[in-house]
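Readers should treat all values here as calculations from the given coordinates under stated rules, not as data from a laboratory. Every value quoted in this text rests on a predicted model; they were computed, and no experiment measured them. Note: ideal-geometry Cβ built from the backbone for every residue, glycine included; neighbour counts use all protein chains shown.
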Ligand SMILES: *Cc1c(COP(=O)(O)O)cnc(C)c1O
């Protein structure tokens, strides 16, 4: 695994996908998903110029973020329990995974206590898979005005996870659907919702072609993740 080669490879493929879609390469930001990887690995990526990182779990991220250079940006991409909203607001510059009104209210309240506004994305379950977090599109359209009224939240756009598939082209309709959901919410709001967080290591090129502005790439940059089970043999 060579971090520099991987980063360059992913960046080149993003640029090529932008060219195919007639988009500016600056319109896509790469979120390097560092979950399960150490602060030292993040620092190595930072030295190569990567400044935006994604984490899934609050507990893991808190420690890592505290041990990393202060100039980096951190996005929370994993499911958030509302009792952890305080730390999420404290440690992250954006939350991609706002998936219920209750959670949105909790983040709003914590942001108010910390005297800030927080950029967020609303997670949408476009595939309808039962195992996925996120709003069903219909429920989102119904609740969008109420979400928008939460004063400390800045809704920048939407996030989705496509179902896992070995054929990245199968993810494309889900990305397209998220873009359509976004367009409908823009109609409701009467203002732009520019960010679309979609695409992971296996399908970020299709996502960029369909309009992704944030792609979340983990294994494609850092290699395979170490599973908790393997880190702690026999420890359950
Ligand atoms: C882990 C994760 C990713 C990165 O997945 P890779 O396949 O390793 O690129 C992206 N998005 C979310 C929400 C994740 O949990």
Discussion item. Restricting to Cα pairs below 8 Å that are 6+ residues apart, what does the relative contact order work out to for segment 46-195? Please round to a whole percent.
Written reply: 18 percent
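Where does the chain land at 222 nm, in deg cm²/dmol rounded to the nearest 500, when only DSSP H runs of n ≥ 4 count, each adding -39500 (n - 2.57), divided by all residues? Walk me through the numbers on the way to the answer.
Working: 10 runs with 100 residues, N = 236.
It lands at -12500 deg cm²/dmol.
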Worksheet item: How are the Cα pair distances of segment 165-229 distributed, in percent, across 5 Å bins from 0?
Response: 4, 18, 22, 20, 14, 10, 7, 4, 2, 0
Item to complete: Throw me the Rg/Rh for segment 50-91, computed over C-alpha atoms with Kirkwood Rh, two decimals.
Response: 0.94
Worksheet item: Relative contact order, percent, of segment 1-63 when contacts are C-alpha pairs under 8 Å separated by at least 6 residues?
Response: 31 percent
Worksheet item: Taking the Cα centre of each part, how many Å lie between segment 19-73 and segment 140-216?
Response: 20 Å
Discussion item. Based only on other Cβ atoms within 10 Å, what is the fewest-to-most ordering of 27, 100?
Written reply: 27, 100
Item to complete: Compute the length gained on full extension between residue 59 and residue 225: take 0.36 nm times their separation in residues and subtract their Cα-Cα distance, giving the result in nm to one decimal.
Response: 58.0 nm
Worksheet entry | Scattering curve values for segment 1-74, log₁₀ I(q)/I(0), Debye with Cα scatterers, q = 0.11, 0.16, 0.19, 0.20 Å⁻¹ | -0.31, -0.61, -0.80, -0.86
Worksheet item: Under a point spin-label approximation (7 Å from Cα along Cα-to-Cβ), what is the residue 149-residue 130 distance to one decimal in nm?
Response: 3.4 nm
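Could you list 120, 14 in order of exposure, starting from the residue whose Cβ has the fewest other Cβ atoms within 10 Å?
14, 120
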Discussion item. Let me check I have the definition right: for segment 72-171, take the eigenvalues of the Cα gyration tensor, multiply each by 5, take square roots. What are those semi-axes in whole Å, largest first?
Written reply: 24, 16, 11
Worksheet entry | For the chain: Kirkwood Rh in Å [reciprocal of mean 1/r, alpha carbons] | 18.2 Å
Response to the item:
The FRET efficiency for residue 39 and residue 138, from their Cβ-Cβ distance with R0 = 45 Å and rounded to 0.05, is 0.60
Discussion item. Which residues does the label zone of residue 13 cover in segment 148-172, counting backbone N under 15 Å from a point 7 Å along Cα→Cβ?
Written reply: 165-172
